[in-house]
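Have a look at the structure below, then the notes.
The values are calculated or read from the model by the stated rules, or taken from the named source; none is laboratory data. It should be emphasised that the depicted structure is a prediction, and the values quoted were computed from it without experimental measurement. So basically every Cβ, Gly included, is an ideal-geometry build from the backbone, and we count neighbours across all protein chains shown. These area figures cover heavy atoms from the full protein model, side chains too; ligands, DNA and RNA do not enter into them. Shrake-Rupley method; radii C 1.70, N 1.55, O 1.52, S 1.80 Å.
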Amino acid sequence: MKNNLMLPIALSALTLPNLAQSSSQPNIIVFLVDDMGWQDTSVPFHSSRTPLNAVYETPNMERLASRGMRFSSAYACSVSTPSRVSLLTGMNAARHRVTNWTLRKNTSTDRVCDTLDFPAWNVNGITQFAEIENTCQVTPLPQILKNNGYHTILCGKAHFGAINTPGENPYHLGFDVNIAGHAGGGIASYLGEENFGNKTDGTQSTPQAVPGLEKYWGKDIFATEALTLEAIQSLDKALLYGQPFFLYMAHYAIHIPINKDKRFYQKYIDKGLDPKEAAYAALIEGMDKSLGDIMDWLETKQIQDNTIILFLSDNGGFATDSKWRSGELYTQNAPLKSGKGSVYEGGIRIPMIVKYPGITNSDAVCDVPVIIEDVFPSILEMTGIHTYKTIQKTDGVNFVPLLKSAETQKHKQRSLMWNYPNLWDGTGLGVGPACTIRKGDWKLIFHYDTGAKELYNLNADIGENNNLIDVETDTAKKLSGELSRYLRKVKAQRPTNKSTGKSVSWPDGKE
């Protein structure tokens, strides 16, 4: 069944460049990290430094933050593909319905649930084309930028659509250059010695084997470094074109597997970390070196003052429990609760830094909540592209005013919404089907599987330890109603009860 949410427009409107755009438009770099937790850095995003900030060394994140604005209440979806789709489209996941991670055509990635059947979400991801089943038809951000004179580059992880669908190929989404992006949501190996997971003995490679880096096969090089070298080569080429560029630098790091990056591993062993944690810390620092190398390149070319950098993660860190699960967990998100796949803060709150020369003040901090679909209208505002058409209806709000002043009432009064009618992991701990609203300091969670609600005041209880659902009843009722109205408005999906065959209720208790 096709889940096509918007009417198509002529493809000619998507492909004809606007040659009138000025070459003085800023360059844009989106530096997206995979599975990076809120505290997986030496840059504090909490009100004070945490023990994890003392563990990791990310000097280039510090360097970027010292020249831009940290967002301490930035959010994404709880898993990868929904966030990446929201970034490229400006749509909330409830609207685009790519609500879980994608991989194989027409195949759901949901875990089996004893009590619920999950909806027929858009398992094939996004597409620019009509009549593609199980997709959301969109006009993606890179296409709009390309139409307006930008040279568009993807380097690293794509994960916008399933294998053998148009969305698996970044060229179909408006990128002029694609370096190692495909349908895979992870990386089989970071090691060049292992060909980044590609088999050469005639056996089938896994879908996570990274394409396009063949010249590094068999070499002693880490994938993070190889991608950075390729990105810089592509940027060198971009300068020759005389166009502004858009680099979507989407690292596979710091997603599992936690291979050892030998450039940084021993220093963390020497600091007393166990081997798994040392490997994880090295993976983080390798990502940070990539950021520094790109910033160095900008300064060498003397274009740092005309280049905007947005740094963020696609979801919370991979840590679903306060206890270690041997061989699976490599980080915790304290003081946040739970991790990737969860609607608790550990699953959706992300590190985010924006450096906008001439706009952001040095070492600025903003605690006003923003969400990943806001990147879409914000970049279009930054580039001065005000006239464009999209197939999709967008939800994101331009956060450029926050870069100028961290106090804006429009943003403070806004409600953020999440809908995850899926099951990423079967371990419980809040990692399950739920919908969520944050408004001001208040956050309400509705669990589709149990019908239970939770209400937290995040200003007083960032760890979500004190459920106020039976105390603040008026607040809970108002938030339940607002969330339910929004989900109905965008035709959001919800699970069905296996025992009755009926859809579970909305948070307001109504069908």
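Would you be able to say whether some residue in the range 433-455 is open to solvent by 30 Å² or more (accessible area, probe 1.4 Å) and part of a helix (DSSP H, G or I)?
No: the range 433-455 contains no residue that is open to solvent by 30 Å² or more (accessible area, probe 1.4 Å) and part of a helix (DSSP H, G or I).
Which numbered condition in (1) part of a loop (DSSP other than H, G, I, E, B); (2) modelled with pLDDT under 95 is the only one that residue 467 fails?
Tallying (1) part of a loop (DSSP other than H, G, I, E, B); (2) modelled with pLDDT under 95, residue 467 fails exactly one: (2).
Filter the range 372-400 down to the residues that are buried (at least 19 other Cβ atoms within 10 Å of the Cβ) and acidic (Asp, Glu), then identify the one that is farthest from residue 139 (Cα to Cα).
Here the residue is 374.
Only one of 353, 359 is surrounded by 19 or more Cβ atoms within 10 Å (Cβ to Cβ), modelled with pLDDT of 95 or more and of a type in the set (Val, Ile, Thr); which?
Result of the check over 353, 359: 353.
In the list 333, 315, which residue meets the criterion of being farther than 28 Å from residue 140 by Cβ, open to solvent by less than 50 Å² (accessible area, probe 1.4 Å) and assigned to a loop (DSSP other than H, G, I, E, B)?
333
Identify the residue in the range 378-410 that is part of a helix (DSSP H, G or I) and farther than 21 Å from residue 76 by Cα and, among all such residues, is modelled with the highest pLDDT.
Within the range 378-410, the match that is modelled with the highest pLDDT is 404.
So the check is Cβ under 6 Å with 6+ separation or different chains; which pairs have a first residue in the range 138-167 that's free of Cβ contacts under 8 Å to residues at least 40 places away in the same chain and a second one that's part of a helix (DSSP H, G or I)?
Final answer for the pair search is 166/172.
So, in the range 470-511, exactly how many residues are free of Cβ contacts under 8 Å to residues at least 40 places away in the same chain, among the small types (Gly, Ala, Ser) and part of a loop (DSSP other than H, G, I, E, B)?
Qualifying residue count, the range 470-511: 2.
Considering every residue within the range 443-458, establish whether at least one is under 22 Å from the mean Cα position of the chain (by Cα) and of a type in the set (D, E, K, R).
Looking through the range 443-458, at least one residue is under 22 Å from the mean Cα position of the chain (by Cα) and of a type in the set (D, E, K, R).
Among what's in the range 413-422 and is assigned to a loop (DSSP other than H, G, I, E, B) and open to solvent by 20 Å² or more (accessible area, probe 1.4 Å), pick the residue that is modelled with the highest pLDDT.
For the range 413-422, the residue satisfying everything is 414.
On the given criteria, is residue 229 more than 28 Å from residue 125 (Cβ to Cβ), at pLDDT 95 or above and either assigned to a helix (DSSP H, G or I) or of a type in the set (Gly, Ala, Ser) (or both)?
yes
Regarding residue 253, is this residue part of a loop (DSSP other than H, G, I, E, B), open to solvent by less than 30 Å² (accessible area, probe 1.4 Å), over 21 Å from residue 36 (Cβ atoms) and in contact with a helix residue (DSSP H, G or I) (Cβ under 9 Å, 6 or more places away or on another chain)?
No; evaluated as a whole, the condition is false for this residue.
Answer with yes or no whether residue 42 is under 20 Å from residue 255 (Cα atoms), without any contact (Cβ under 8 Å) to a residue 24 or more places away in the chain, hydroxyl-bearing (Ser, Thr, Tyr) and touching a helix residue (DSSP H, G or I) at 6+ places or on another chain (Cβ under 6 Å).
Answer is yes for this residue.
Please state which of the following conditions residue 75 fails to meet, knowing it meets all the rest: (1) in contact with a Ser or Thr (Cβ under 6 Å, 6 or more places away or on another chain); (2) closer than 23 Å to residue 432 by Cα; (3) aromatic (Phe, Trp, Tyr).
(1)
What number of residues within the range 70-90 satisfy the criterion of being farther than 16 Å from residue 317 by Cβ and either touching a helix residue (DSSP H, G or I) at 6+ places or on another chain (Cβ under 6 Å) or part of a helix (DSSP H, G or I) (or both)?
9
In the range 120-148, how many are part of a loop (DSSP other than H, G, I, E, B) and crowded, with 20+ Cβ neighbours inside 10 Å?
Of the residues in that region, 12 qualify.
Can you tell me which residue is nearest to residue 435 (Cα to Cα) among those in the range 461-492 that are in contact with an Asp or Glu (Cβ under 9 Å, 6 or more places away or on another chain) and open to solvent by 90 Å² or more (accessible area, probe 1.4 Å)?
485
Show the residue pairs meeting these rules: Cβ distance below 7 Å; 6+ apart or different chains; first residue within the range 107-127 and under 19 Å from residue 502 (Cβ atoms); second residue open to solvent by 30 Å² or more (accessible area, probe 1.4 Å) and among the β-branched types (Val, Ile, Thr).
Final answer for the pair search is 116/496; 117/496.
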